[in-house]
Structures are given as C-alpha cells and as structure tokens.
Ligand SMILES: [Zn+2]
Ligand SMILES: [Zn+2]
C-alpha cells in the first residue's frame, strides 16, 4: 500500500532491535514513529548500540518512508528528584539516552520534565533547568534536542502548564537545544479543554503566545479516560474517551500543523490492529467534507 502523505504514526516497540520498529510502523502505513532508545523497564541500556544494530536501522531499505522518527525517554528519569542519588541517576540516564538517540540520528528525545516531590514548583523547575544544563553541557556534539512534554500534572509532576515550560526555556543556558511535544490527553487532564474545536484553537493560541509555535515539534494524539482538569494520566482510543475527536480534527486540518508529526500512544495488541483503526480515524478527519 502507498504510504499516506500525512505525517502520522504511533509509538512502536523496539523489541528484537531498533530496526524492527521500522517494520512495525510501516505495517500500519505510518509515516512517523516514536521509539524508546532502550528498554523502558531499566535505568540504563544493557550495552551500547553495536555497529550492526545502527547499520540495520540507518540502512533499512524502507527507512526513508518514515519521514519523522523521534525518541521518548524512560519514565524513571526525574530531573527534579530531591534524593541526590536519584537525581544523579536521572542525569546519567538522560545523557545515555541522548547519546543513543543521536547515534540513531533522531532530531529530538521527548522527556517528562520532572516531579518536584513536595519541594514546590519553583524549586522543581530550577532543578529541571540545572539538570538539563548539566547534561547538555557534557554533550556539545550531540544534535538530538530535548522535547519537553506537557504533562497531566499527576502527583507533583511539572510541565502541566505552558507557563512552567516557558520558565524552563527562559532559565535554560541552552534553550536552542530544547523544544516541546504536546500530548492531547495530558493537556486535557491538566485543564486545557480540547473537547471542542474552539477550545483546541484557544489552547494552541495560548501555546503560541506563551511558548511560540516554532518550539512545537510533535503531538501525541491520545484521547483521555480521565476528565478535564482531573490531573490523571490515562490514554484512550481516539473518540472513545472524555475528549472526543475535536482536537484531532483541528490538528489534521490546520495546515500549520501539517509538518508536525502526530503520533498515537494508545493501547494496542501485538497485531497493531488498534493502531490501524486510530490512524484510519486521523486520515478520515484530515479530509474536509
Ligand atoms: Zn510521554
Ligand atoms: Zn505522551
């Protein structure tokens, strides 16, 4: 089947090797893909990528059919951790993942900014900035940027308002090496009402005013099992959750988002049938009737 000209896809497993993720993405006719750069269950990769693994990825005969491939970092990383050992481990893990993402020549690595663990917003944001600065300073040649993801604000998680992300950019010594990934389910749970096209338009206007649209590099397209302002992070299939299809219709039809990869992080089985269904919904929404 001919790949869709739309820039859409899903998070794909790297089980068996990173090159296999390409086959998985192409099997659902994706043109974009997000991957982890190591097992998500561990702090650190068991071993660095071998030349053979990197070659299999870069020289995959159909690699070019995926026009956007980017990475998501491990969930254990918390740059705002108050336990010094945990904070140090988080920095090392982020560094390790940035090196791996760079070896795969991926443009950015999505990161949940961090959770302040009771220290408060200001102190948490300061720790995140310090962590990012420290990691980026040790990697002057790494081209992969860090894409800060908007979060649902569950627990003490930061990054649930555009203002918090703007503070990180303002205070960072390397703002040019940072960018932003928005997640529709997280935005909704954080209190941004995407359940109507007007609400979605208003949300992206606010994004533009506070952060600037040039910083937006990816959108995670997820419906939400949890309600508006619930601060609970639960992804649902498109159109089957509390948000509905409005934000996806908006994003698929606005030409200024045409070059932004839109990637699913919705539940799925081994056969990826759910991905095919959700991507079919996105393709359908892109057609103006
Ligand atoms: Zn995420
Ligand atoms: Zn996400």
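At a glance:
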| quantity | calculated |
| --- | --- |
| Segment residue 205-residue 240, extension gain: residue separation times 0.36 nm, minus the distance between their alpha carbons | 10.0 nm |
| Kirkwood-Stokes translational diffusion coefficient of the range 8-286, alpha-carbon pairs, 10 °C, 1.306 mPa s, µm²/s | 84 |
| Rounded FRET efficiency, nearest 0.05, which uses the C-beta distance separating residue 288 from residue 92 and R0 of 41 Å | 0.25 |
| Order by protection proxy (mean Cβ within 10 Å, highest first), peptides 125-134, 80-89 | 125-134, 80-89 |
| DSSP beta bridges in the chain [antiparallel fraction, %, rounded to 5] | 10 |
| Residue 255-residue 119 FRET efficiency (beta carbon distance; Förster radius 41 Å; 0.05 resolution) | 0.45 |
| Sum of -39500 (n - 2.57) over DSSP H runs of 4+, divided by residues of the chain (222 nm, nearest 500) | -11500 deg cm²/dmol |
| Rg/Rh (Cα only; Kirkwood hydrodynamic radius) as it applies to the range 160-289 | 0.97 |
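The numbers here are math on the coordinates, done by the rules we state, and not lab data. Here the structure is a predicted model, which means the values were calculated and not measured. Here Cβ is always computed from backbone atoms with ideal geometry, including for glycine, and neighbour counts include all displayed protein chains.
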